[in-house]
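Here's the structure, in C-alpha cells; my notes come after.
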Amino acid sequence: MAAIPEPSLILSFEEARHLVEHHAAALHPRGKELVDLLEGTSAGQVLAEPVLADRHFPPFPRAMRDGYAVRAADLSQLPATLDVIAEIKAGASNKDIPVLQPGQAATIMTGATAPPGADAVVMVEHTTHQGKRVQITKGVAAGDNIAPVGSEAKRGERLLSPGLRLDYPAIAVAAATGRSRLLVYRKPQIGVLATGDEIVDIDVPPGTNQIRNSNSYSLAAQVQAAGGEPILLPIAPDEPSRLRELIADGLEADLLLLAGGVSMGKYDLVEPILAEFQAEFFFTGVLIQPGKPVVFGRIPCSAGAPAREQPASASDHVYFFGLPGNPVSTMVTFELFARPALEALTGMTPRKLVFLNGRLKSEIKTKTGLKRFLPAILAGEFEHAEVELAGWHGSGDVAAMARANCYIVIPPDRERVAAGEWVPVLMR
Ligand code: AMP
Ligand code: MG
C-alpha cells in the first residue's frame, strides 16, 4: 500500500482555510445552460452572463410619494395656494399628463410620471384640497420626491455580473429587465462516498452494532445548498479493494467528498488508498474540534481520475476532501473547508467566512490547543441576542446539531469563556 505523507500535515485552522481558498481560486465550472428564471434560482445556480439595463431606470421621472406635483419655486411663500389642473395616476398615458405652468399643481400618485414643468412632489400630508385648488403648508426643494429618468441605471449599464449566485434581488433585476431566461453555469457533480463496515443504508434495518448512514444525506443536502449536484456512491466497507473501486468511481465527479476512515485506526484506509492514486495531500489534519482528522488533496487525472473534456481546473486534477465520519465533524468540516471549493466549481466567487459576535449566555470551559466550532443557539429578542451551546454530547450528536443554528468559535488559547463575554459566532 502506498504511503501517506510523513510527517503528517497538520495545519492551523487559518492555514488550512487559506490553502483551500488558494486552490479554489483555480477551479472553474464546466459549461453553461439556459434556464427559466425561477428554475435557476431554486437550484441556486450562478449567473454566467452579464444582465444589462434594457432601458433607463426609472424610464420616466417617477413620483415617489402620493401628493401634488409642483414647481418648487411656487412655494417660496407659505402657505401657498395652487390651481389643480390634473390628476395623474400610475400608468397614465401622455395625453393625461399636462405641462405644469407657474401657479399650477397636479394631484399625483406614487409611481406615476411627474408632469413636464414640475420639479418636485409635495406629500399629501402637507396639503389641504379646496375645490379646484390646493393649499400647501410645507416647502420643497427642486428634485424632492421625484426619481429622475436613469437615476438608478442608464440603458446598457451592467446590473448583474457573471459569478453572482441567483437570489431574490438578482431575480428582481432580471425580471425588471425582461429576462425570463438566463444563462447560468452547469451545476458541478459532487461525489459523496461514506465509508465504514458498521454503516448501513437508511432503508436497511440496522443490526445491533450497526449505524445508519446519515453522512451521505447530510452531505448531499449541504452540497445542494451550496449549488452542487450530489452523486451518492454506495457505502464503502473498510476493505481496500472495494474502497479502491468506489474511489475510482467517485473520481468521475468534479469533486469527491469522502466521509469516515481518515482517523488513526487500523481500518482507516482512506488516505493510503488515495495515496495509491498518486494523491497530493495538502493537509491531513487541522487543529480544530470537531473535525481534526480532515484531509484535503487532489489526484492527477492520469492516475485514475478520468481526463476531462473541459478541465474542472487548469491543472487537470480532481480535488477531494476526506471528512471525519463523526456526523457533526462531517458537517462542520464540509462548511469550513469543502464549501469554498464547491462554490468555485459552481462559478461563483467563494464566500469568505464571516464571523459575527454574540454575547455568551453561560460560561464555557474547554481545553486549549484546538480552535473549536461548537454547535450553538443564537436567540433573543430584537437587538438583544445571546448565544449558548446547543448542549451537545460530542461529535456524534446530530440531534444537538439539528437544534443549533450557529457555532460558537473558541480560539485555541482559551480555557474558559465567561458568561456575558462577546464571542465570535459562525452562522449556519
Ligand atoms: P470514522 O471517521 O470512520 O472513524 O468514524 C467516526 C464515527 O462516525 C464512528 O462512530 C462511525 O460509526 C461514525 N460514522 C462514520 N460514518 C458515518 C455515516 N456515514 N453515518 C453516520 N455515522 C457515521
Ligand atoms: Mg470508519
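The values are calculated or read from the model by the stated rules, or taken from the named source; none is laboratory data. This one's a predicted model, so the numbers in the text were calculated from it and none came from an experiment. Ideal geometry is used to build each Cβ from the backbone, glycine not excepted, and the neighbour counts take in all protein chains shown. Just the protein is used for accessible areas: all its heavy atoms, side chains included, with ligands, DNA and RNA removed. Shrake-Rupley method; radii C 1.70, N 1.55, O 1.52, S 1.80 Å.
Below are the figures for this structure:
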| quantity | calculated |
| --- | --- |
| Nonlocal amide H pairs with residue 52, under 5 Å, H built at 1.01 Å | 159 |
| Estimated [θ] at 222 nm from DSSP helical runs (n ≥ 4, -39500 (n - 2.57)) normalised by residues in the chain, nearest 500 | -5000 deg cm²/dmol |
| Shape category assigned to the stretch 207-310 from the gyration tensor of Cα positions, a/c cut at 1.5 | rounded |
| Cα point-scatterer Debye curve for the stretch 282-401, base-10 log of I(q)/I(0) at q = 0.14, 0.18 Å⁻¹ | -0.75, -1.06 |
| Set of aspartates and glutamates near residue 365 by C-alpha distance (under 17 Å), chain-local residues within fewer than 8 positions excluded | 388, 413, 415, 421 |
| Candidates 292, 132, 371: whichever shows maximal mean-square fluctuation once the chain is modelled as a Gaussian network with Cα springs under 10 Å | 132 |
| Among beta bridges that DSSP assigns inside the chain, antiparallel share in %, nearest 5 | 65 |
| Principal axes of the stretch 85-184: Cα extent on each, largest first, Å | 57, 28, 20 |
| Solvent-accessible area, 1.4 Å probe, carbon plus sulfur percent, for the stretch 281-424 | 53 |
| Dipole magnitude of the stretch 210-264 about its Cα centre (Cβ charges: Lys, Arg +1; Asp, Glu -1), debye to nearest 20 | 200 |
| Karplus (6.51, -1.76, 1.60) ³J(HN,Hα), θ = phi - 60°, over the stretch 401-415, in Hz, Gly and Pro reported as x | 5, 5, 6, 6, 10, 6, 10, 8, 9, 10, x, x, 9, 9, 9 |
| Cross-link table 154/352; 32/292; 292/352, entries beyond 28 Å C-alpha to C-alpha | 154/352; 32/292 |
| In Å², nearest 10: area of residue 370 left accessible to a 1.4 Å probe | 40 |
| Amide hydrogen neighbours beyond the local backbone of residue 348, cut-off 5 Å, H modeled | none |
| Space enclosed by the convex hull of the alpha-carbon atoms of the chain, per residue, Å³ | 197 |
| Amide H contacts under 5 Å for residue 231, placed H, 5+ residues apart | 190, 191, 192 |
| Mean accessible surface per residue for the chain, computed with a 1.4 Å probe while every protein chain stays in place, in Å² | 48 |
| All lysines inside 23 Å of residue 132 as judged from Cα atoms, apart from same-chain residues fewer than 8 positions distant | 89, 95 |
| Electrostatic dipole magnitude of the chain [Cβ: Lys, Arg +1; Asp, Glu -1; Cα centre; debye, to 20] | 1260 |
| Among 60, 401, 300 - extreme Cα towards positive end, dipole of the chain, charges at beta-carbon | 60 |
| Size of charge dipole - the stretch 1-156 - debye, nearest 20, with Cβ of Lys, Arg +1 and Asp, Glu -1, no other charges | 800 |
| Rough spin-label spacing in nm, given labels placed 7 Å along Cα→Cβ, for residue 212 and residue 101 | 8.1 |
| Positive dipole terminus of the stretch 93-220, leading residue within 218, 168, 208 (C-beta point charges) | 168 |
| Extended-chain gain in nm, criterion 0.36 nm per residue less alpha-carbon gap, residue 43 and residue 363 | 111.1 nm |
| Rounded percent of accessible protein surface that carbon and sulfur make up, the stretch 4-46, 1.4 Å probe | 60 |
| HN-Hα J in Hz across the stretch 54-71 - Karplus 6.51, -1.76, 1.60, θ = phi - 60°, x for Gly and Pro | 8, 7, 6, 10, x, x, 9, x, 9, 5, 9, 9, 7, x, 10, 7, 9, 9 |
| Folded to 0 to 90 degrees: helix 13-24 orientation relative to the chain principal axis, Cα | 70 |
| Selection from 356, 376, 281 lying farthest towards where the dipole of the chain points positive, charges on Cβ | 356 |
| Full-extension gain in nm, residue 422 to residue 405, via 0.36 nm per residue minus C-alpha separation | 4.4 nm |
| Length-normalised contact order for the chain - Cα pairs under 8 Å, 6+ apart - percent | 18 |
| Per-pair calculated FRET efficiency, R0 = 30 Å: residue 36 and residue 204 via Cβ, rounded to 0.05 | 0.20 |
